[in-house]
1. Assuming A:Thr372 fulfils every condition listed in (1) closer than 21 Å to A:Phe442 by Cα; (2) out of contact with any Pro (no Cβ under 8 Å at 6 or more places or on another chain) apart from one, which condition is it?
2. Of the conditions (1) open to solvent by less than 10 Å² (accessible area, probe 1.4 Å); (2) at positive phi, A:Gly293 fails just one. Which one is it?
3. Please specify each residue of region A:179-191 satisfying the condition of being on the phi < 0 side of the Ramachandran plot, of a type in the set (Gly, Ala, Ser) and surrounded by 21 or more Cβ atoms within 10 Å (Cβ to Cβ).
4. What pairs come out if I take residues in region A:400-425 that are farther than 23 Å from A:Thr378 by Cβ and pair them with residues that are among the acidic types (Asp, Glu) and outside any strand (DSSP E or B) whose C-beta lies under 7 Å away, six or more apart or interchain?
5. For region C:24-48, what are the residues that are more than 26 Å from A:Gln523 (Cβ to Cβ) and among the acidic types (Asp, Glu)?
6. Exactly one of these conditions fails for A:Lys584: (1) surrounded by fewer than 17 Cβ atoms within 10 Å (Cβ to Cβ); (2) in a loop (DSSP other than H, G, I, E, B); (3) of a type in the set (Lys, Arg). Give me its number.
7. Quick one: which strands (runs of 3 or more DSSP E) sit completely within region A:378-478 and have at least 2 residues that are within 21 Å of A:Arg187 (Cα to Cα)?
8. Go through the residues of region B:52-69 one by one and say whether even a single one is assigned to a helix (DSSP H, G or I) and surrounded by fewer than 17 Cβ atoms within 10 Å (Cβ to Cβ).
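The values are calculated or read from the model by the stated rules, or taken from the named source; none is laboratory data. These numbers were taken from a predicted model, which means no experiment stands behind them. Don't worry about glycine lacking a Cβ; one is built from the backbone with ideal geometry, like all the others, and counts go over all protein chains shown. The protein model used for the area step is the full one, side chains on, heavy atoms only, and it has no ligands, DNA or RNA in it. Shrake-Rupley method; radii C 1.70, N 1.55, O 1.52, S 1.80 Å.
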Amino acid sequence: MEKRVKLKSREELKNLRDSIIKNRDESIPCITVCLGTGCRAKGAEDVLNEFTRQIKNVDKAKITYRQTGCHGFCEKGPLVVIHPQKIFYQQVKTTDVEEIISETIINSKIVDRLLYIDPKTNEKILQENEIPFYKKQKRVVFANNGLIDPENINDYIALGGYSALSKVLFELKPDEIIDIIEESGLRGRGGGGFWAGSKWKYAKNAKGDRKYIIANGDEGDPGAFMDRSLMEGNPHSVLEGMIIAAYSISNAGEIPVEGYIYVRNEYPLAVKHLFLAIERAREYGLLGEDILGYKFNFDIRINRGGGAFVCGESSALFASIEGRAGEPRAKYVHATDRGLYDKPTNLNNVETYANVPIIINNGVDWYRSIGTENSKGTKIFSLVGKINNTGLVEVPMGITLREMIFGIGGGIQNNKRFKGVQTGGPSGGVIPESSLDLPVDFDELTKVGSMMGSGGMIVMDEDNCMVDIARYFLKFLEDESCGKCVPCREGIKRMKEILDDIVEGNAKMEELDLLENLASVVQDASLCQLGATAPNPVLSTIRYFKDEYITHIKDKKCPAGVCKALITYFITDNKCTGCGACVKVCPSGAILGEKKKPHKIDIDKCIKCGMCFDVCKFDAVIKE
Amino acid sequence: MVEIDKIIEKYSKDKSSLILILQDIQGEYNYLPKEILLTLSQKLNVPFPQVYHVSTFYKAFSLKPKGKNIIKCCLGTACHLKGGPRIVEGLERELKIKSGETTDDLKFTLETVNCVGTCALAPVMIVQDKYYDKVTPVKAIKILKDYGETSEVKVKRRTKKS
Amino acid sequence: MEINIDGKECSTKIGETILQVAERNYIDIPTLCHNDSIKPYGVCRLCVVELEERGRTRIVTSCNYEILKDNLIVRADTERIINIRKMIIELLLARCPEVESLKRLAEEYGIEKITFKPENDDCILCGLCVRACSEVVGRSALGFSYRGTTREVGTPFFEQSSSCIGCGTCVQICPTHCITMEDKDGKRILKKWNTELELVKCKICGNYFVPDVQLNYITEITGIEKEKLNLCLDCRR
């Protein structure tokens, strides 16, 4: 355990960094294993344990190993990268460990079968940055995720961590820092897209005897896990950004300032790593009193969410930190004037804070060279759903949806047809094929009835039903609504009832008009943005997939074969071999037939659970 | 109530610590016992209805004891698209409870979660912090049987020793 | 300072709400969750108005929008606002079809039929009872619980409250009159809160008149001895 002493000056930080680098031999083989939650779920921890166990037996050269944060290519996990050659092995199992050590580490040979194969060229690719998934990305915020052990602050420092803080404390004044953030064009990464520099300025100018800096790590959008990876994989980048913000907004500590990170309860690893990071930073004097020897005090506490999506909303988040139910309140006065405990508060998403040290270190010109006119820098997206390369991607803003989905994403799974991509979570909408060449940034997607939101991109194919998706989001929001105001609580419920009628084949065309009127009231009159944006998924799917709605209502059919009430399961005679696998799993005894002879489904008994469809190896079960 | 005093001591004694304390209590007892909520109300000087509101508002809290094995089925968008709801239905049928409920023998609690952030593994099911990826209704029931049998065997071993 | 509401120039002070100014100028804006003795809550959304600021229009609730700038323009009677109000009344009536005050509002706004499936509730979750008990009476016997469509008002665990003093403030302030209070056989019964309180007899006429706990509370906050308090209103005269 390296002993930690409080750093009392920027020179001491620099000396520490130099000594860490000096004591590391980059030529020694280093095995890095991704231990992000995604890879862990696939057994990465066992893989790392196997490596540590077997390395002990190797007495040849020195070998080191390191756990790292999420690389983003979750589809291919567990991921192992061998340094210094940067050999990228994917889908590594514990049984592969021995061979990797003997072949790659000791004999410098490649284990071919563990390399990534480009599906287009059938070529095997050696290094991470050559893989198409990564090649088209611009990893800036995520650059160090695969290189550092999130539990080891020295890794972060070795790569330049906390040098931005050092520059800010000793070279820049608070107003200068805010100017830099404003000029950079940084906009909030949590979905709101508010200009970060302006927010910091309001917070700095607001009157109060105490101020708060809060990082929103509540990432509630289903399908989005960018913040999880960032908090798990590079927690110090968030801390550094927060400390810089605190210094600026408190006017170099003139006003006492305190920090909070609000992390979703469902992210236990992120909580753990943030907690550790804060402890380590305190030990080094990077948090607490007299940071880096400068007369500036700031510390950060972690509050875990309680399982409420609405707590991602600023005033609900504050209520939760205050120990109350997460109910939003009227925001006619901004949080920068009266936020947490009615004091001036700066709330930014964790990804926004992580951009700050990067801007300080690389400069405004460099940052502005990335992105579009009004959306500067990179954005991290989660590319999920019916896509080949599921995972997290970081790209310059302005990349088109087509490049994201078909370039980086590798296109649709199983060669199915693309139907739509849902962006912006429950506040966003579905974008159809006709708009795939739209650039992705804060403003372009709103023009077509969606939004970039926090970065979730859910790809859907011909087997997904748009009416079902609209209903899914309404159900989600009905569950998550705080219930305080009438339009959201009663309005979303009644909108969902109409969608229930449609998917069950009980709706009339007039209900679509009622749906649109309800939607406009919910948008206009809800107390907070959860309610106000709730109608977006419904409205956008009606806009682009109205035919599908009409088919459900008039023909009482679900073209995609999803809505249970509107489909029937059949067994096709000429494909059924009579193996009986379906009979075994049918919970209602609805399948009859003799052994080795085609079976039949009794429609009256069938509860449409779909188990027979799952188990049939001969594609004999079809949905109509 | 020695336990609860230890928990309260970790935090500042004002009402802002209410949720943090409740999270620790939920972790310790597997639910929020009514008596403890009453005590908290007195010790933190928070009106009892407010403590009750917080206890019922957040999904992380439960007023009833949870089962030995908590099954969390993810119903995030990616998991929904890949058949998540049918997995929940399958488990509801198998366990004879609705999601949010616990089996009578307290062996299983079935819950749904709105995204655990492992969308590449969709559809995801978590049992006692162990993640299962690309689950189907058939696989889900098989996984359950492992837990069912394992816990029975453990009980048998314990009673043999005593 | 001035504010223009529906074409009428009204004088205002900084920090006043739009609703306060409107009421003073006899401009009628409907409310359900509002009461002048309690802090505004802004949840029924019936009092919404259009607010024009720097060329942009947004919708705000007049009960809790504090006027901080001069020369704001407010419209409380546009088609958009009326449409919102009608939908809110309809949504509430679908939830509570038998509530008189809602039926009256429906009539006023020309709503003839409810297009949603009717339910059978009598509480619109305005929170007036909760807020009055806390802010006016100071007992905080009531609160909200759960969330979304399962949100409810009541006592913790829906059991007898140890804080209720049977003052009847919640009964008086409820806009749907769904809270009842009845004195019977020496007990004051608030059925909705599952609460029964022992009544005290007047020391002169011998009639039951006030819950014992209420006298205790009055003693606590005024310092007047309980023996001096157990006189009913009639006998006190």
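1. So the condition that A:Thr372 fails would be (2).
2. Going through (1) open to solvent by less than 10 Å² (accessible area, probe 1.4 Å); (2) at positive phi one by one, A:Gly293 breaks only (1).
3. Residues of region A:179-191 that are on the phi < 0 side of the Ramachandran plot, as a first pass: A:179-184, A:186-190.
Keeping just the survivors that are of a type in the set (Gly, Ala, Ser) gives A:184, A:188, A:190.
Across region A:179-191, the qualifying residues are A:Ser184, A:Gly190.
4. Qualifying pairs under 7 Å: A:Lys416/A:Glu462; A:Lys416/A:Asp463; A:Arg417/A:Glu462; A:Phe418/A:Glu433; A:Lys419/A:Glu462.
5. Narrowing region C:24-48 to residues more than 26 Å from A:Gln523 (Cβ to Cβ): C:24-26, C:35-39.
Residue satisfying the conditions is C:Asp36 alone.
6. Going through (1) surrounded by fewer than 17 Cβ atoms within 10 Å (Cβ to Cβ); (2) in a loop (DSSP other than H, G, I, E, B); (3) of a type in the set (Lys, Arg) one by one, A:Lys584 breaks only (2).
7. Numbers: elements: A:378-385, A:391-396, A:418-423, A:429-432, A:456-461.
By residue number, A:378-385, A:391-396, A:456-461.
8. Taking region B:52-69 and keeping what is assigned to a helix (DSSP H, G or I), we get B:52-57.
Next, only the ones that are surrounded by fewer than 17 Cβ atoms within 10 Å (Cβ to Cβ) stay: none.
No, region B:52-69 contains no residue that is assigned to a helix (DSSP H, G or I) and surrounded by fewer than 17 Cβ atoms within 10 Å (Cβ to Cβ).
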